[in-house]
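Visitor: Here it is, the structure in full.
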Amino acid sequence: MIGAGITGAGVARDAALRGMRVLVLEADDVGSGTSCRSSRLVHGGVRYLEQADFGLVFEAIRERQSLVRLAPHLVTPQRFMLTTYRGDRVGATRLRLGLGLYDALSLWRARPHAFLSPKRARAAEPILSSTDLRGAVLYDDAVTDDFRLTLSVLNDARLAGATVATHCAVASLGGQREAHRIQLDNGPAITARAVVVATGPWTSERLLGPVGARLLSLSKGIHLTLRASDVPVRHPLVFQVPRSRRLLFVVPWGTRTYLGTSDDPFTGDPRDVCATPDEQSELLAAARRWMPAANLELDRVVSAWAGVRPLVSAGIPGNTEELSRSHRLVESERGVLGIVGGKLTTYRAMAEEVVDKVVAMIAPNAPNAPNAPSGWRACETASRPVVAGEPLRPDEWSDPLIRDLAPRHGPTSRDLAARARARPDLAARLVDDLPYRAVEIEHAITSEGAEHLDDVLRRRLPLALADPLLGAGVARQIATMLVDHRGGTSREIDDELERYRVRVRQETSRELPAVAEPAPPLAMCR
Ligand SMILES: Cc1cc2nc3c(=O)[nH]c(=O)nc-3n(C[C@H](O)[C@H](O)[C@H](O)COP(=O)(O)OP(=O)(O)OC[C@H]3O[C@@H](n4cnc5c(N)ncnc54)[C@H](O)[C@@H]3O)c2cc1C
């Protein structure tokens, strides 16, 4: 398996659960590509109804419903509000028809949508501008933590026997069917019976040969984080962007609100994608029209993130908004499989299709065939919880420590809370108004594979996205813990800080503030 975004993680988990020996090779950190840069919605995609992509919407709603059940602490159902203003592409009547179809595609298992008059829409969401408001619909979808979902899926693959090697890029592929040769960057070659390339926006002819050329159209999207007090919304809000097919989402995120996204053709290395100041201003200006009372000034922006969508190309350059969000499974001349496109929401179904194809390639009559490797099982991911362990009971959520930890750690928060209760310094919040606790740092380093400062502060405890100091207040202490853990030298602490500074600047267009030292110590639990 090449690539540990949500797609690679999903394939690795499904294959490992079926009894295959799986190795995952990831060039950077788990989920560090597009899978930590999405709008964080697990959704059917109301927008795709307009493109008449009913198959995709049906599949995405089905997957949403199954993820709410199988990853309850990571995928939270919410009532979304989609507005219609005068001049919008989709007016009140079409909106009601469209959402009626959305209800039908969920086989009426979700709460039906409700249409709100302008007056009722404003009563439910006072931040909305009343000028030209024609009404709104409330409908069910879900929000997630994209990185945590990816990490949890990969962790379950590990529990099922997969081996995961991060910071381990694949340079080239050779060999032939059932005897592939995987050449690592600065490393040995590995042989494998089957190879799946899930390298998201990095997918090219380098690993897939001619079939990988011009497979993708890349599209960039940015998001901004603001304080909830500046943009106080009660529901995830959805606005129709004029003169485009795009929707703008404004999503409550604890003491923060984030908004996005854009959809612009992208060229270059996806690792260098950046939310430029101009793009940030443009997004704020667009949002002001619908929420004039919100504090949407550039200097109120807490942070930003940017990502590149690996969309299946239609072969014509230009507008990426119109491109389908469906996935495509391809096979190279040497029998290497490549999986591109799709959505975070549909990763499980995509993985099932890929692993079915692997089975068909290397053991066509499995699991009962004489040549099938012993112990292969059928796909289990449609019914197996993503995170093992007894789900938290409602009464456990009343504990403030659990309340902070559970949305990221689910059942594991019991153990983390117990450790924090025994060591009050580990119970401390890293930033007063954010739910991240000191005990999670040690957990990130010892149990979640964090190797670098950005692995901790951009993804596992995303202060880079939510803290006005971008994590600078704890960066040196965490860098010290990371370097101590790997037995490095004090010089590596400064290297870590510099690497983090560069990555934050690259993605957010912001400078990491200088923070007075020494700050309070954070220690590993021994
Ligand atoms: C702005 C934006 C908003 C989005 N919003 C949503 C949303 O709300 N809901 C939704 O369902 N979907 C959303 N998506 C889509 C979703 O995020 C992507 O479809 C999904 O994350 C793609 O995952 P992936 O695993 O295919 O790619 P990635 O996450 O990019 O993973 C590819 C991995 O391959 C690794 N890699 C690359 N080359 C090599 C190599 N040579 N060797 C080893 N490893 C390599 C990379 O480091 C990377 O980790 C959004 C996307 C964007 C950009």
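The values are calculated or read from the model by the stated rules, or taken from the named source; none is laboratory data. As the structure is a prediction and not an experimental result, all values here were calculated from the model. Reconstructed Cβ throughout: ideal geometry from the backbone, glycine too, with neighbour counts over all protein chains shown.
Visitor: For residues that are of a type in the set (A, V, I, L, M, F, W, C) and more than 12 Å from the ligand (Cβ to nearest atom), scanning just segment 164-189, find the one that is farthest from the chain's Cα centre (by Cα).
Guide: Only one residue tops the list, namely ALA179.
Visitor: Which number in (1) farther than 20 Å from VAL143 by Cα; (2) at pLDDT below 95 marks the one condition that TRP397 misses?
Guide: TRP397 satisfies every listed condition except (1).
Visitor: Report yes if THR255 is more than 16 Å from the chain's Cα centre (by Cα), at pLDDT 95 or above and within 14 Å of the ligand (Cβ to nearest atom), otherwise no. Lay out the reasoning, then the answer.
Guide: Details: more than 16 Å from the chain's Cα centre (by Cα): yes; at pLDDT 95 or above: yes; within 14 Å of the ligand (Cβ to nearest atom): no.
Judged against the criteria, THR255 is not a match.
Visitor: Also, I was wondering about something else. Which count do you get for residues in segment 259-289 that are touching a residue at least 40 places away in the same chain (Cβ under 8 Å), assigned to a strand (DSSP E or B) and under 17 Å from the mean Cα position of the chain (by Cα)?
Guide: Going through segment 259-289 one residue at a time, the tally reaches 1.
Visitor: While we're looking at this one, here's another question. Return yes when THR144 is out of contact with any helix residue (DSSP H, G or I) (no Cβ under 7 Å at 6 or more places or on another chain), polar (S, T, N, Q), within 14 Å of the ligand (Cβ to nearest atom) and under 20 Å from ILE61 (Cα atoms) and no when it is not.
Guide: Working: out of contact with any helix residue (DSSP H, G or I) (no Cβ under 7 Å at 6 or more places or on another chain): yes; polar (S, T, N, Q): yes; within 14 Å of the ligand (Cβ to nearest atom): yes; under 20 Å from ILE61 (Cα atoms): yes.
Yes, satisfied.
Visitor: Report the residue count in segment 47-61 for those that are touching a residue at least 24 places away in the same chain (Cβ under 8 Å), more than 12 Å from the ligand (Cβ to nearest atom) and either among the basic types (Lys, Arg) or not in a helix (DSSP H, G or I) (or both).
Guide: Residues meeting the conditions: 2.
Visitor: Based on this model, can you work out whether ARG245 counts as over 22 Å from the mean Cα position of the chain (by Cα) and either assigned to a strand (DSSP E or B) or away from the ligand (no atom under 12 Å from the Cβ) (or both)? Even if it seems obvious, please write down each step before you answer.
Guide: Values: over 22 Å from the mean Cα position of the chain (by Cα): yes; either assigned to a strand (DSSP E or B) or away from the ligand (no atom under 12 Å from the Cβ) (or both): yes.
Judged against the criteria, ARG245 is a match.
Visitor: Follow-up question, since we're still on this one. When you scan segment 3-16, do you find a residue that is closer than 21 Å to GLY221 by Cα, touching a Phe, Trp or Tyr at 6+ places or on another chain (Cβ under 7 Å) and of a type in the set (A, V, I, L, M, F, W, C), even just one?
Guide: yes
Visitor: With respect to THR76, is the statement that it is under 17 Å from VAL250 (Cβ atoms) and surrounded by fewer than 15 Cβ atoms within 10 Å (Cβ to Cβ) true?
Guide: On the way: under 17 Å from VAL250 (Cβ atoms): yes; surrounded by fewer than 15 Cβ atoms within 10 Å (Cβ to Cβ): yes.
Criteria met by THR76.
Visitor: Please verify whether VAL301 is outside the structural domain of LEU470 (by TED's automatic domain parsing) and more than 16 Å from the ligand (Cβ to nearest atom), treating the condition exactly as stated. Walk me through how you get there before you give the answer.
Guide: Numbers: outside the structural domain of LEU470 (by TED's automatic domain parsing): yes; more than 16 Å from the ligand (Cβ to nearest atom): yes.
It is true that VAL301 is outside the structural domain of LEU470 (by TED's automatic domain parsing) and more than 16 Å from the ligand (Cβ to nearest atom).
Visitor: Listed residues GLU322, GLU333, GLU352; which is away from the ligand (no atom under 13 Å from the Cβ) and at pLDDT 95 or above? Let's see the steps before the verdict.
Guide: Details: GLU322 fails: at pLDDT 95 or above; GLU333 fails: at pLDDT 95 or above.
After applying the criteria, what remains is GLU352.
Visitor: Oh, and also: Just need a number here: residues in segment 11-42 that are within 6 Å of the ligand (Cβ to nearest atom), of a type outside the set (Gly, Ala, Ser) and in a loop (DSSP other than H, G, I, E, B).
Guide: The qualifying residues number 4.
Visitor: Run down ARG300, ARG245, ARG271, ARG227 and say which single residue is surrounded by 14 or more Cβ atoms within 10 Å (Cβ to Cβ) and touching a Leu at 6+ places or on another chain (Cβ under 9 Å). Break it down stepwise before answering.
Guide: On the way: ARG245 fails: touching a Leu at 6+ places or on another chain (Cβ under 9 Å); ARG271 fails: touching a Leu at 6+ places or on another chain (Cβ under 9 Å); ARG227 fails: touching a Leu at 6+ places or on another chain (Cβ under 9 Å).
After ruling out the rest, the residue left standing is ARG300.
Visitor: Name the strands (runs of 3 or more DSSP E) wholly within segment 153-202 that hold at least 3 residues that are farther than 30 Å from PRO72 by Cβ? Explain how you work it out, then say what you get.
Guide: Working: elements: 163-165, 170-176, 179-184, 189-192.
Of the strands (runs of 3 or more DSSP E) lying wholly inside segment 153-202, those with at least 3 residues that are farther than 30 Å from PRO72 by Cβ span 170-176, 179-184, 189-192.
Visitor: Take PRO236 and tell me if it is at pLDDT 95 or above, out of contact with any Cys (no Cβ under 7 Å at 6 or more places or on another chain) and buried (at least 22 other Cβ atoms within 10 Å of the Cβ).
Guide: Yes; evaluated as a whole, the condition is true for this residue.
Visitor: Answer with yes or no whether LEU138 is part of a helix (DSSP H, G or I) and more than 10 Å from the ligand (Cβ to nearest atom).
Guide: Numbers: part of a helix (DSSP H, G or I): no; more than 10 Å from the ligand (Cβ to nearest atom): yes.
In short, no.
Visitor: When you go through THR267, THR276 one by one, which is the residue that is out of contact with any helix residue (DSSP H, G or I) (no Cβ under 8 Å at 6 or more places or on another chain), within 15 Å of the ligand (Cβ to nearest atom), of a type in the set (S, T, N, Q) and at pLDDT 95 or above?
Guide: Values: THR267 fails: at pLDDT 95 or above.
It is THR276.
Visitor: So which helices (runs of 4 or more DSSP H) are wholly in segment 422-493 and hold at least 2 residues that are closer than 21 Å to VAL164 by Cβ and in contact with a Lys or Arg (Cβ under 9 Å, 6 or more places away or on another chain)?
Guide: Details: elements: 424-427, 439-447, 463-466, 472-486.
Counting at least 2 such residues, we get 439-447.
Visitor: Determine the pairs where a residue that is not assigned by TED's automatic domain parsing to the domain that holds TYR436, located within segment 232-253, has a partner that is in a strand (DSSP E or B) and β-branched (Val, Ile, Thr) with Cβ atoms under 6 Å apart, the partner being 6 or more residues away or on another chain.
Guide: What qualifies is VAL233/VAL250; VAL233/THR257; PRO236/VAL251; LEU237/VAL250; PHE239/THR83; LEU247/VAL238; PHE249/VAL238.
Visitor: Of the conditions (1) assigned to a loop (DSSP other than H, G, I, E, B); (2) in contact (Cβ under 8 Å) with a residue 40 or more places away in the chain, LEU226 fails just one. Which one is it?
Guide: Result: LEU226 fails condition (1) only.
Visitor: Please go through segment 5-43 and give me each residue that is closer than 19 Å to ALA360 by Cα and in contact with a Lys or Arg (Cβ under 6 Å, 6 or more places away or on another chain), ordered by number.
Guide: GLY10, ARG18, GLY19
Visitor: Looking only at residues that are among the small types (Gly, Ala, Ser) and touching a residue at least 60 places away in the same chain (Cβ under 8 Å) in segment 395-426, which one is nearest to PRO72 (Cα to Cα)?
Guide: Residues of segment 395-426 among the small types (Gly, Ala, Ser): 398, 406, 410, 413, 417-418, 420, 422.
Next cut, touching a residue at least 60 places away in the same chain (Cβ under 8 Å) only: 406, 410.
On the way: ALA406: 10, GLY410: 8 Å.
Result: GLY410.
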